[in-house]
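Nothing in this text is a laboratory measurement; each read-out follows from the coordinates by a stated rule. These numbers come from a predicted model, not from an experiment. Cβ sites come from the backbone with ideal geometry, for glycine too, and all protein chains shown count toward neighbours.
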Amino acid sequence: MKLKTGMKKGFTLVELLFVMAIIAILAGFAIANLQDSTTTALTTSMKNDARNAIAAEQTAYANEQSYGTATCDFKDLTNGICPLEGTDSDGNVIDIGTTTVSKGNKVVIETSTCDNGVDGYSVTVTNSQVNDKSITYDSCTNSAIQTTALPTT
């Protein structure tokens, strides 16, 4: 391209706007992918907390012949350590173990009696940043850890 004498080299305003539009579109894709990655990471941490609670319950039952109950929100804990409470043979409440809770997660462990009369428990993990799902496990059905959609309010 020949330049007219007296004209400076450089980009026109239209060319600059075109490049800025392309960068904005690419940034939009990157932000959407980042949000999906964050949700996936939080869901994984919720599943890990459920697995830790299941292991703690199995250990507690092996040691004390009793499943524990707990409602633990990370923000209320020291170092994410959640105590499990159970009952001894006399009906007294005792500490029977601990589980860990990751930042932002809330773990609820409840005891139950299964249909066949055997002791059981359920674990539910939620996270305030993942508003549309929870992680659940029920020892009575002995199913895999489930990702459950939360009801909309």
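Overview of results
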| quantity | calculated |
| --- | --- |
| Per-selection Rg to Rh, the chain - Cα, Kirkwood hydrodynamic radius | 1.40 |
| Cβ-derived FRET efficiency at R0 25 Å, residue 144 paired with residue 113, nearest 0.05 | 0.70 |
| Backbone HN-Hα couplings from phi across the range 36-43 [Karplus 6.51/-1.76/1.60, Hz, Gly and Pro as x] | 5, 5, 5, 4, 5, 5, 5, 5 |
| CD proxy at 222 nm, helix term only [per DSSP H run n ≥ 4: -39500 (n - 2.57); per residue of the chain; nearest 500] | -13000 deg cm²/dmol |
| J(HN,Hα) series, the range 62-74, from Karplus relation 6.51 cos²θ - 1.76 cosθ + 1.60, nearest Hz, glycine and proline x | 5, 7, 10, 6, 8, 7, x, 10, 6, 10, 10, 10, 3 |
| Ranked by how many other beta carbons lie within 10 Å on average, peptides 136-149, 93-106 from highest | 93-106, 136-149 |
| Full-extension gain in nm, residue 17 to residue 36, via 0.36 nm per residue minus C-alpha separation | 3.9 nm |
| Nonlocal amide H pairs with residue 97, under 5 Å, H built at 1.01 Å | 84 |
| Listed residues 131, 116, 52, most fluctuating in the chain (Gaussian network, C-alpha, under 10 Å) | 116 |
